[in-house]
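Heads up, the thing below is written out as structure tokens.
Derivation of every value follows stated rules applied to the coordinates shown; laboratory data play no part. Computed from a prediction, not measured in an experiment: that's the story for all the values here. All Cβ positions, glycine included, derive from the backbone under ideal geometry; neighbour counts span all protein chains shown.
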Ligand SMILES: NC(=O)c1ccc[n+]([C@@H]2O[C@H](COP(=O)([O-])OP(=O)(O)OC[C@H]3O[C@@H](n4cnc5c(N)ncnc54)[C@H](O)[C@@H]3O)[C@@H](O)[C@H]2O)c1
């Protein structure tokens, strides 16, 4: 099997490349080596060059993309700009890379007809759901609207029933939940996945949009201040800095370990797995941000303050965790890593790297300047 991975030098792509190559696949990687993720002047690592042919280039380069697709059986499209907060002001860049980049790939597929291509896999995100699914005592399964700045400024962080405005309880979100992204990043992921699935259907190819939850683990960028809460927190704690927690710290995410994400993606690439559909990829368990912060401080035995500030970012969701029954039924996939074990593995790896100021404060200042981060009731 010949696999083309766009964004293959990134966190998920590099682990996936190694995994597929280990199973005998021939892997080609197309990646710009974005300085925000890899640092200025980065090169492909020796380890990656051992498992894949690494091409430095842009998904928006139509001629290059077309040439690389000619040889591929499977396209795994991971290249993207990935910061939720940053997407709310770097709008043109996010539109260009995420939506236009996908359009260019599809244009090359439709018009240049790569002869061996059988399957398209695109990295989507839980961000396409916005708040996702909740249970209302009176109205059953509901999909709350995005939270308003007025509510959050008053410390009312929990989403409410869209019908009666009463409290609701988070449920595992299924793929049947409607799209409702609350960030431009989420919107670009929605468009990406709809484009890929539509063309897969039309062209008679297999197509999977993998809605990854919050992926973490060894190998994630420790220098990107725009995304990756575990990397950001561990960096700050190791520098002896306190953690300022958004909202009331009870916002939660489904943290899914990198090996489980690679496994889910690799099984979807297998030639006996067919279909055209979106699939959730998560652990199915939600963990709140305060628990994460406390666990990181405990791990490093650090004497730093964890302060709940009440500040909030527009575009953030409150809770989301995945119902993974669809991918399990289709492929047999089951996550293997608990959050406790995965966090230990991540922090042990992070410790082998120097903790440095990577500009997290600057990333927050960029949001504040544009009114996208606000002080809350306790700040
Ligand atoms: N990591 C997560 O928690 C998570 C969650 C949901 C979805 N996703 C999606 O999964 C995919 C991979 O995420 P990741 O965590 O590995 O991110 P990453 O930032 O580590 O990797 C993305 C890679 O894409 C490359 N890239 C960026 N722009 C490019 C362009 N124009 N042309 C070619 N390459 C380009 C970057 O250099 C980088 O190597 C992304 O599409 C992301 O949106 C990730």
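With each label modelled as a point 7 angstrom along the Cα→C-beta vector, the residue 267-residue 171 pair spans 2.4 nm. Here, P(r) means the percent of Cα pairs in each 10 Å bin from 0 to the largest distance; for the chain it is 5, 24, 34, 25, 10, 1. Run lengths n ≥ 4 of DSSP H only: what is the helix-derived mean residue ellipticity at 222 nm for the chain, with -39500 (n - 2.57) per run over all residues, to the nearest 500? Calculated mean residue ellipticity at 222 nm is -10500 deg cm²/dmol. Can you bin the stretch 219-267 into rounded, prolate or oblate? Criterion: square roots of the alpha carbon gyration tensor eigenvalues sorted a ≥ b ≥ c, rounded for a/c under 1.5, prolate for a/b above b/c, oblate for the rest. It comes out oblate by the Cα gyration axes. An oblate overall shape is assigned to the stretch 26-100, the ratio a/c of its alpha-carbon gyration tensor axes (a ≥ b ≥ c) being 1.5 or greater and a/b not exceeding b/c. Taking a ≥ b ≥ c as the square roots of the eigenvalues of the Cα gyration tensor, an a/c ratio of 1.5 or more together with a/b no larger than b/c marks the stretch 82-161 as oblate.
Each 5 Å bin from zero up to the one holding the largest Cα-Cα distance in the stretch 134-274 carries the following percent of pairs: 2, 7, 11, 16, 18, 16, 13, 10, 5, 2, 0.
Each peptide in 18-30, 212-224, 35-47 was scored by the mean count of other Cβ atoms within 10 Å over its residues; highest first, the order is 212-224, 18-30, 35-47. The order of 70, 195, 152, going from fewest to most other C-beta atoms within 10 Å of their C-beta, is 70, 195, 152.
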